[in-house]
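Worksheet: the structure to be examined is printed underneath.
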Protein chains: 4
Amino acid sequence: MIIQLEHQISEDEKKSLLRELDKLVKGGTEVSTQFGNYIVAIGRSGFDIRSIGNLQGVKDIHRVSDPYKLVSKKWKLDESTIKIGNNCSIGPDSFTIMAGPCSIESEEQIKSTVQHLVANKIPVMRGGVYKPRSSPYSFRGLGMDGLKVFYRHCREQGIKIITEVMMVEQIEEMYDYVDIFQVGARNSQNFNLLDALGGVDKPVLLKRGISGTIPELLQSAEYIFSNGNENIILCERGIRTFEKSYRNTLDINAIAVLKDRSHLPVISDPSHGIGVRKYVDKVAMASVMAGADGVILEVHEKPEKAFSDGQQTLDYLQAEKLYSKLMKLYKLREDLDQL
Amino acid sequence: MIIQLEHQISEDEKKSLLRELDKLVKGGTEVSTQFGNYIVAIGRSGFDIRSIGNLQGVKDIHRVSDPYKLVSKKWKLDESTIKIGNNCSIGPDSFTIMAGPCSIESEEQIKSTVQHLVANKIPVMRGGVYKPRSSPYSFRGLGMDGLKVFYRHCREQGIKIITEVMMVEQIEEMYDYVDIFQVGARNSQNFNLLDALGGVDKPVLLKRGISGTIPELLQSAEYIFSNGNENIILCERGIRTFEKSYRNTLDINAIAVLKDRSHLPVISDPSHGIGVRKYVDKVAMASVMAGADGVILEVHEKPEKAFSDGQQTLDYLQAEKLYSKLMKLYKLREDLDQL
Amino acid sequence: MIIQLEHQISEDEKKSLLRELDKLVKGGTEVSTQFGNYIVAIGRSGFDIRSIGNLQGVKDIHRVSDPYKLVSKKWKLDESTIKIGNNCSIGPDSFTIMAGPCSIESEEQIKSTVQHLVANKIPVMRGGVYKPRSSPYSFRGLGMDGLKVFYRHCREQGIKIITEVMMVEQIEEMYDYVDIFQVGARNSQNFNLLDALGGVDKPVLLKRGISGTIPELLQSAEYIFSNGNENIILCERGIRTFEKSYRNTLDINAIAVLKDRSHLPVISDPSHGIGVRKYVDKVAMASVMAGADGVILEVHEKPEKAFSDGQQTLDYLQAEKLYSKLMKLYKLREDLDQL
Amino acid sequence: MIIQLEHQISEDEKKSLLRELDKLVKGGTEVSTQFGNYIVAIGRSGFDIRSIGNLQGVKDIHRVSDPYKLVSKKWKLDESTIKIGNNCSIGPDSFTIMAGPCSIESEEQIKSTVQHLVANKIPVMRGGVYKPRSSPYSFRGLGMDGLKVFYRHCREQGIKIITEVMMVEQIEEMYDYVDIFQVGARNSQNFNLLDALGGVDKPVLLKRGISGTIPELLQSAEYIFSNGNENIILCERGIRTFEKSYRNTLDINAIAVLKDRSHLPVISDPSHGIGVRKYVDKVAMASVMAGADGVILEVHEKPEKAFSDGQQTLDYLQAEKLYSKLMKLYKLREDLDQL
């Protein structure tokens, strides 16, 4: 059960509400975000929620049977729009493309990519400065130095930045240089990191775990939301299966189901999702029709020279062609939705 | 290595060819189909294939490194078109919808479905008369009696029939009443059944196994082809994963990859693929963009009363809407392919 | 609900029983096996089963909530013993080792293997004459000719034969030469084959499907049982996972759970289960402690020359060492069970 | 390639070694641990390693083709022994049982558990004070307060403590109260945490990821080792599969393979591994025979009242019985290894 409080609820009204609640359910968690104040209560269900709904200071109340609560569409029917700075947002009524290299490698590379994005009106650049790598001996990213250069060139051109944060300590130092914090698949259940990102007022893109389920992803989102940050973007990036013909198995079904169960926007990552360059376009287009609100693509001037993930990265020409296809397809989707 | 023989190759030329081949590779399998005569040879590779290619009676020769040979695109670059009777075909330049109930239940049901298909210009009706069921106590289909009624009503209206064959003995009795033999996921590696269907001159739709890999599916297709039947349609129908939010996980990646590796047409089965009615349309549309040559859909007048799989079956209204969306989407795909 | 009938039930008693039953549940399936006559009824549960249990001709009655019925331990608490000819049986109070090559290759090979088995008092020889192979171009077994030689040498030495049957038509021709019919993983849900083996009065060893679940395996066993054959042995042979360090993942958990849910004996197949020779012994020993009633092992005089599966096959020396370890371990298990 | 340096290598010798190395391979990582100094070099392989091996200051040198290096048995053939304080160690020549509740809940619970362990001569107590939970609304552990009480009671009785660390910041505060830091399955690829634990001089038990592969687990261990800590214990705790009859699928195969590929000790976690109380004993015993160096068990005075994971937790009586079985079984394993 979720109770949304009126902004102007008085301390007395709140106390009286909590007292009433105590009689009915065992424990309630108070949640304060950028946008609202809530009480999430779990427990007994055999009573009329209107007895609480009618109290002073209560704005809205719903039963939510899902294990995730505030991110559930059973709580909030309208799809959420996540604002990325002033003139960019992710959610209904738009389709957002994010593109860029797997890793930030050099200033040259950043400049070249930014130019490519500007020319194609792509609003968000991706690029890792902290790289999770299976082997400790692999390239692990340029760190803060790289991020600052990344930031400077993007700001000059009005491009937003999405980059991965891997640990709590990095949040503060990265904060000024990041528009969207990305949580990678391996940290999808790093609950301390999720907690900490709940305390940040910038959007978080949360990737599904390598073998994570839908409810697990939504409960991880619930961590962020219940710690105070409603600006969450979900991301399907392929699951691990026994199929060896591709690196991962992009799960198109998850996109359709996440859009149905949660009000949060859903982004598809076809580059990791299938992990083979020549199939990225088809899988990206399939994601549009499954209902994705955008895609995040690996793009590099010379994929064969990329420090990481070159095999799944598009070059500029391939990328441009795909951008155009995606936007045309999105337009048709909008039309078909009217049928 | 595949050697295609000239139709008019003489016995002497063939003997001399085989003699030559014997010196180079260990064993060659002779394959005769509706459309051609081939020798598939596996073995040593360190020689110039032109030494064979130049022999009398040899039409074409290629090295094929895939574990599957005759169904590989390395052998045949052009996509195959499978003719279903006179005025229906599956392959490039068309998008084919097959629809109908999971199980054939009654004459009433058949008549109603045929009417629905005719009204929507759907050329092929699906419907099981032999049903593979986990439990021996479940409804297992109406058998040949059902098939004959199914056949009569479809023939009257020019609708083609696809239905599942489960064992070798059924092939002969079903032959006259079937346009496409369907091999279900559980029989995807029933090699005797595949062998036997190689001896039939009607098309076979072969479903991927429940946890089957791409190479396994293509090798199963190779069984049919190498036993004499080139008319094979591949079908992605969802794999088993640990996700419990849907019945199966339709693997969009497989569609893109199968189209790339084989010249055979690929059909998507979104109804089984995700197994939840309200998501079937999105998954079907995603399949189009992944490159499918068609879809096979479960449709029933009253899904909630269906003998089997009702939870994933569309009613007529839902189906009609989807047919229309799919054809519009296919048209756009054709346009985008020109970019 | 399962009703076991008295052997001497009269026709009148039976009719009256079915009439009574009709009032309470919808449909009952009559099952006659080598050992008993049963009625399996599925449906309503809100009545006192004693009202049926008290009728003339009823020997026993139980509610069985599992999707599988006659193979469930909820029906039959005592573990079943499967007799293999006169002086061999599988079940409680013994641990059975079956060993031999993946494929029957030659008379020499058979003689050598039989000698090895006799010397080590191994009662059952395995060896495929019909081989399911992913590729149509692979060796597919010596067929009936091989089986007859196999039979002759085993009979002379009192060794029992287990070999795979792949299709209904093979059952009759194989019948005289086989002691245990093996159903392979790929045919685990070949329901027509299971039906037909229900009509045979020889034991059937049923392997779990490549990605088959516990309930699916038990329902496949139910097919055999409900068609008349109670002599069923379950076999865990490894499932498909994403791990590439071994061929399959032997699922030790399944052995423990199958022993708990069903009264049928459970055999472990460590050779396929892990698929790498040097680990077979550890996995075999683990199977004993998980509760297996026996193991089936791939053994060959010269594994590196085997026609198939050599990489997971033990040579005679390795096998002998393992037999001895397994029997010592089984003895300890018996002792520990008394604690 | 790994080069182990002599302890007394001079700076000049080291410089000259690095200069020589630079000519041969691209980049070498210097690693200093409690026990040794190494250079791990990745790159070209076409040269005679003796040219380096003969240099002053080089103690040992090996090519290691595995993606993991220092934890590979190709580097170090002898199995490692991990000392836990003065009179407890994990590795060859012993079988170690760790037991205790999933979560530390109260002082009463700690005292009762310690008493149980002392009575049964179990040297290590498990118990979580920081709990990774799917839902933010679940009990997340007593934290440092709980740990301090846990510590006090264990120290009094000479019991060692293993408990989970979830983030870098916790390491320092936990350090004084912990004997083995446990890294949970969800943090198996939390590379920053692994890095930081490499800087600690206490043992780390590293669990396999929920769908982690063998090479991934060993590369995660390599993170810890290459950051300076050789005291690593590997732990198999069950993988996620599609089987719903148990919570996870304990992968016995992994135990056998890990023991073969790495010199590090391997512990089995049968409680999480299968996740159902009544099967824990069989799975634990199977683990012994697969080669485990110990087990970690969930034990609680009243499992049905445990705050978490009660369904897979043994009560004291069940646990005592199992301890005794495991030690008897281990003894037999030692004997069988001599055969």
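The values are calculated or read from the model by the stated rules, or taken from the named source; none is laboratory data. Keep in mind that this is a model prediction, so the values were computed, not measured. Don't worry about glycine lacking a Cβ; one is built from the backbone with ideal geometry, like all the others, and counts go over all protein chains shown.
May I ask you to say which residue of D:E236, D:E222 is crowded, with 24+ Cβ neighbours inside 10 Å and farther than 27 Å from C:E216 by Cβ? Walk me through how you get there before you give the answer.
Working: D:E236 fails: farther than 27 Å from C:E216 by Cβ.
Criteria check complete, one pass: D:E222.
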Segment D:321-339, residues that are without any contact (Cβ under 8 Å) to a residue 24 or more places away in the chain and basic (K, R): D:K328, D:K331
Test: residue in segment B:294-309 that is modelled with pLDDT of 95 or more, surrounded by fewer than 24 Cβ atoms within 10 Å (Cβ to Cβ) and within 14 Å of chain A (Cβ to nearest Cβ): no
Helices (runs of 4 or more DSSP H) wholly inside segment C:229-302 containing at least 3 residues that are within 17 Å of C:G212 (Cβ to Cβ): C:252-261
Selection status of A:P132, within 25 Å of D:T213 (Cα to Cα), within 14 Å of chain D (Cβ to nearest Cβ) and touching a residue at least 12 places away in the same chain (Cβ under 8 Å): yes
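Residues checked against (1) more than 10 Å from every other protein chain (Cβ to nearest Cβ); (2) of a type outside the set (A, V, I, L, M, F, W, C):
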site: A:K207; (1), (2): yes, yes
site: A:I214; (1), (2): no, no
site: A:S226; (1), (2): no, yes
site: A:T241; (1), (2): no, yes
site: A:S245; (1), (2): no, yes
site: A:N253; (1), (2): no, yes
site: A:D260; (1), (2): no, yes
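Please go through segment A:65-79 and pick out each residue that is crowded, with 19+ Cβ neighbours inside 10 Å and of a type outside the set (K, R).
Quick first cut of segment A:65-79, residues crowded, with 19+ Cβ neighbours inside 10 Å only: A:68-72, A:75-76.
Hits for segment A:65-79 are A:Y68, A:L70, A:V71, A:S72, A:W75.
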Qualifying positions in segment C:141-150 - touching a Phe, Trp or Tyr at 6+ places or on another chain (Cβ under 7 Å) and either surrounded by fewer than 19 Cβ atoms within 10 Å (Cβ to Cβ) or assigned to a loop (DSSP other than H, G, I, E, B) (or both): C:G141, C:G143, C:K148
Unmet requirement for B:V266, which otherwise passes all of (1) closer than 19 Å to A:V280 by Cβ; (2) buried (at least 20 other Cβ atoms within 10 Å of the Cβ); (3) facing chain A (nearest Cβ under 8 Å): (3)
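Just wondering, is there one or more residues in segment C:95-105 that are of a type in the set (F, W, Y), within 14 Å of chain B (Cβ to nearest Cβ) and either over 26 Å from C:L326 (Cα atoms) or within 23 Å of the chain's Cα centre (by Cα) (or both)? Step through it out loud before you land on a result.
Step one: filter segment C:95-105 for residues of a type in the set (F, W, Y), giving C:95.
After this cut, where a residue has to be within 14 Å of chain B (Cβ to nearest Cβ) as well, the list is none.
For segment C:95-105, residues of a type in the set (F, W, Y), within 14 Å of chain B (Cβ to nearest Cβ) and either over 26 Å from C:L326 (Cα atoms) or within 23 Å of the chain's Cα centre (by Cα) (or both): absent.
Select, from D:E30, D:E20, the only residue that is exposed (fewer than 15 other Cβ atoms within 10 Å of the Cβ) and modelled with pLDDT of 90 or more. Talk me through it step by step, then tell me what you get.
Numbers: D:E20 fails: modelled with pLDDT of 90 or more.
Unique residue meeting the criteria: D:E30.
Restricting to segment C:201-222, count the residues that are farther than 19 Å from C:V178 by Cβ and not β-branched (V, I, T). Walk me through it before giving the result.
Taking segment C:201-222 first, the residues farther than 19 Å from C:V178 by Cβ are C:208-220, C:222.
Right, trim to not β-branched (V, I, T) and you get C:208-209, C:211-212, C:215-220, C:222.
Adding up the residues that qualify gives 11.
Tell me which residues, restricted to segment B:303-339, are assigned to a helix (DSSP H, G or I), small (G, A, S) and within 16 Å of B:I104 (Cα to Cα). Give the derivation first.
Residues of segment B:303-339 that are assigned to a helix (DSSP H, G or I), as a first pass: B:303-305, B:310-312, B:316-338.
Remaining after also requiring small (G, A, S): B:310, B:319, B:324.
Within segment B:303-339, just B:G310 meets the criteria.
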Selection count, segment B:224-257, where residues are within 16 Å of the chain's Cα centre (by Cα) and among the aromatic types (F, W, Y): 1
Contacts under 6 angstrom Cβ, first residue in segment D:108-124 being within 19 Å of D:I296 (Cβ to Cβ), partner among the polar types (S, T, N, Q), 6 or more apart: D:V114/D:Q157; D:V118/D:Q157
Selection within segment A:14-43 - aromatic (F, W, Y) and either assigned to a helix (DSSP H, G or I) or closer than 17 Å to A:Y68 by Cβ (or both): A:Y38
Qualifying position, being out of contact with any Pro (no Cβ under 6 Å at 6 or more places or on another chain) and either hydroxyl-bearing (S, T, Y) or surrounded by fewer than 21 Cβ atoms within 10 Å (Cβ to Cβ) (or both), among C:I171, C:I122, C:I210: C:I171
C:G85, sole failed condition from (1) at pLDDT below 95; (2) over 21 Å from the mean Cα position of the chain (by Cα): (2)
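Just to be sure, is A:Y151 of a type outside the set (V, I, T), touching a Leu at 6+ places or on another chain (Cβ under 9 Å) and farther than 23 Å from D:L218 by Cα? Full working, then the answer.
Details: of a type outside the set (V, I, T): yes; touching a Leu at 6+ places or on another chain (Cβ under 9 Å): no; farther than 23 Å from D:L218 by Cα: yes.
Judged against the criteria, A:Y151 is not a match.
For the subset of segment C:1-17 comprising residues that are within 33 Å of the chain's Cα centre (by Cα) and surrounded by fewer than 13 Cβ atoms within 10 Å (Cβ to Cβ), which member is nearest to B:P136 (Cα to Cα)? Don't jump to the end; show me each part of the working.
If we filter segment C:1-17 for residues that are within 33 Å of the chain's Cα centre (by Cα), which is where we start, we get C:1-9, C:14.
Add one more test, that the residue is surrounded by fewer than 13 Cβ atoms within 10 Å (Cβ to Cβ), and what stays is C:7-8.
Values: C:H7: 24, C:Q8: 27 Å.
Here the answer is C:H7.
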Single condition D:Q318 does not satisfy, out of (1) surrounded by fewer than 24 Cβ atoms within 10 Å (Cβ to Cβ); (2) touching a residue at least 40 places away in the same chain (Cβ under 8 Å); (3) within 9 Å of another protein chain (Cβ to nearest Cβ); (4) of a type in the set (S, T, N, Q): (3)
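Does segment B:297-316 contain at least one residue that is of a type outside the set (S, T, N, Q) and under 16 Å from the mean Cα position of the chain (by Cα)? First the steps, then the outcome.
The initial filter retains those residues of segment B:297-316 that are of a type outside the set (S, T, N, Q), namely B:297-307, B:309-310, B:314-316.
So of that shortlist, the ones also under 16 Å from the mean Cα position of the chain (by Cα) come out as B:297.
Scanning segment B:297-316 turns up at least one residue that is of a type outside the set (S, T, N, Q) and under 16 Å from the mean Cα position of the chain (by Cα).
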Options A:V183, A:V200; residue that is under 29 Å from A:D78 (Cβ atoms), touching a residue at least 12 places away in the same chain (Cβ under 8 Å), away from chain D (no Cβ under 14 Å) and not small (G, A, S): A:V200
Test: residue in segment C:94-107 that is crowded, with 19+ Cβ neighbours inside 10 Å, in contact with a Leu (Cβ under 6 Å, 6 or more places away or on another chain) and of a type in the set (A, V, I, L, M, F, W, C): yes
Unique match (being more than 15 Å from the chain's Cα centre (by Cα) and within 25 Å of D:Q170 (Cβ to Cβ)) among A:E156, A:E173: A:E173
